[in-house]
Amino acid sequence: MLKKYAFLDRDGTLIFEPQDTFQVDSIEKLKILDGAIEGLKNLQKRGFKLVMVTNQNGVGTPSFPIEDFEKPQARLLEIFKENGIEFEQIFVCPHLPEDGCDCRKPKTGLVEKFFAETDIDLTQSFVCGDRETDRKFAEKLGIKYVPMERNGTFNPFPYLSRVASVKRDTNETQISLTLNLDGTGKYEVDTDIGFLNHMLELFAKHGLFDLKISARGDTQYDDHHLIEDVGIVLGQAIKEAASDKKGIKRYGFILLPMDEVLVSSEVKLDDS
């Protein structure tokens, strides 16, 4: 089974990068950026495996002794572990730009063996960083790039929306639908059935989904074909957008008392 990976830069993306020395060479200099801990936890909840890929200029040289790198790095990983965050792999290039190595980002030498030996979902995996070298690194790996503001808040999620588009054309119906599970409740609903429009609008509004749907059918005979097929397409879109359903609660229940009725609704999202 293919796995989703987040390949994460360190300095300037997860922790503060000093703009004078560009080195985090003591525990005193270690500062985890806003959003990093919660963001990494949420990535794990969504089913992403975490991999750190970082250039560290001259580690192991007199200007940057190995112990000066290892102490803050060990403390960083300790803090992450205390918060339930685990990195599957950590790749560090210790070379200077002038060394001409094949492992310094944007070159891919650091991770080529990992890519060859790991079942990586290239359509879902991404590189997250704050430099042009990170963007080029992602491009060479053939996966998405998620840019971060240097030393800013860590928040990759606007770039990782769970979106699906589904079309269905039959003798009775023609339907085109796009669904964003991480939306804000925006909708563009256009079917031949007024009450169905209303129900779909409420679905988007109260579920905070972004929904765009155009649906036509043989409503001159009966409404049921169009209603059924819209339900089929909507279900397919939810299944596709939710992917492996990691991080999603399996069960939901609501009991809503209204003036004339008592409404009960339950949903079960697992595969059994």
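The values are calculated or read from the model by the stated rules, or taken from the named source; none is laboratory data. Fair warning: this is a prediction, and the values are worked out from it, not measured in the lab. A quick note on method: Cβ atoms are made from the backbone with ideal geometry, for glycine too, and the neighbour counts reach across all protein chains shown.
Check R216 against each of (1) under 30 Å from Y159 (Cα atoms); (2) in contact (Cβ under 8 Å) with a residue 12 or more places away in the chain and name the one condition it does not meet.
(1)
Which of the following residues is part of a loop (DSSP other than H, G, I, E, B) and either hydroxyl-bearing (S, T, Y) or not assigned by TED's automatic domain parsing to the domain that holds I37 (or both): T108, T178, T133?
T108
Condition test on K29, is it farther than 23 Å from P106 by Cβ, assigned by TED's automatic domain parsing to the domain that holds E112, in contact (Cβ under 8 Å) with a residue 40 or more places away in the chain and charged (D, E, K, R)?
yes
Given the criteria more than 23 Å from E112 (Cα to Cα), surrounded by 14 or more Cβ atoms within 10 Å (Cβ to Cβ), touching a Phe, Trp or Tyr at 6+ places or on another chain (Cβ under 7 Å) and of a type in the set (D, E), does D25 qualify?
Against the criterion (more than 23 Å from E112 (Cα to Cα), surrounded by 14 or more Cβ atoms within 10 Å (Cβ to Cβ), touching a Phe, Trp or Tyr at 6+ places or on another chain (Cβ under 7 Å) and of a type in the set (D, E)), D25 qualifies.
If a residue must be touching a residue at least 40 places away in the same chain (Cβ under 8 Å) and out of contact with any Lys or Arg (no Cβ under 7 Å at 6 or more places or on another chain), how many such residues does the stretch 74-86 contain?
So the answer is 5.
Results for (1) part of a helix (DSSP H, G or I); (2) among the acidic types (D, E); (3) at pLDDT 95 or above; (4) out of contact with any strand residue (DSSP E or B) (no Cβ under 8 Å at 6 or more places or on another chain), shown as yes or no for each residue.
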| position | (1), (2), (3), (4) |
| --- | --- |
| F7 | no, no, yes, no |
| Q23 | no, no, no, no |
| E28 | yes, yes, yes, yes |
| D34 | no, yes, yes, yes |
| I37 | yes, no, yes, yes |
| N42 | yes, no, no, yes |
| M52 | no, no, yes, no |
| G58 | no, no, no, no |
| A74 | yes, no, yes, yes |
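Restricting to the stretch 192-219, and then to whatever is within 30 Å of the chain's Cα centre (by Cα) and among the charged types (D, E, K, R), can you tell me which residue is nearest to K167 (Cα to Cα)?
Among those residues, the one meeting the criterion is K212.
Checking K140 against (1) assigned by TED's automatic domain parsing to the domain that holds I37; (2) within 27 Å of T184 (Cα to Cα), which single condition isn't satisfied?
Unmet for K140, out of (1) assigned by TED's automatic domain parsing to the domain that holds I37; (2) within 27 Å of T184 (Cα to Cα): (2).
Scan V59, V51 and give me the residue that is touching a residue at least 24 places away in the same chain (Cβ under 8 Å), out of contact with any Asp or Glu (no Cβ under 8 Å at 6 or more places or on another chain) and crowded, with 20+ Cβ neighbours inside 10 Å.
V59 is the lone residue from the list that is touching a residue at least 24 places away in the same chain (Cβ under 8 Å), out of contact with any Asp or Glu (no Cβ under 8 Å at 6 or more places or on another chain) and crowded, with 20+ Cβ neighbours inside 10 Å.
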